[in-house]
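What follows is a short report on a single structure.
The values are calculated or read from the model by the stated rules, or taken from the named source; none is laboratory data. Nothing here was measured: the structure is a model prediction, and the numbers come from that model. A quick note on method: Cβ atoms are made from the backbone with ideal geometry, for glycine too, and the neighbour counts reach across all protein chains shown.
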Amino acid sequence: RLLYVVVSLLLQNVWRYLHWEYVATPRRGGRRLWKWSFKEFITMIQRAAWTALATRRAVPANRPPDDRFTR
């Protein structure tokens, strides 16, 4: 459970930092925070993880396979 708490706190802090640094616009009197929900952030992280950890289902080849591979 402690690991889940640490990971969730880390993710929330990263989200808040990115939101403050890149999404919010600086203005006089403080920054204006635009809408960017934590759920959207998690979906973005999940898509990046699935893309990075995806397995290849086919290997590209320059020519078709030989007769050895058919039965």
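Within region 34-53, the residues that satisfy the criterion of being in a loop (DSSP other than H, G, I, E, B), modelled with pLDDT of 75 or more and either in contact with a His (Cβ under 6 Å, 6 or more places away or on another chain) or of a type outside the set (S, T, Y) (or both) are K35, L53.
So which residues in region 13-29 are surrounded by 10 or more Cβ atoms within 10 Å (Cβ to Cβ), farther than 16 Å from E40 by Cβ and among the small types (G, A, S), if there are any at all?
Once the filter is applied, which keeps residues that are surrounded by 10 or more Cβ atoms within 10 Å (Cβ to Cβ), farther than 16 Å from E40 by Cβ and among the small types (G, A, S), region 13-29 yields nothing.
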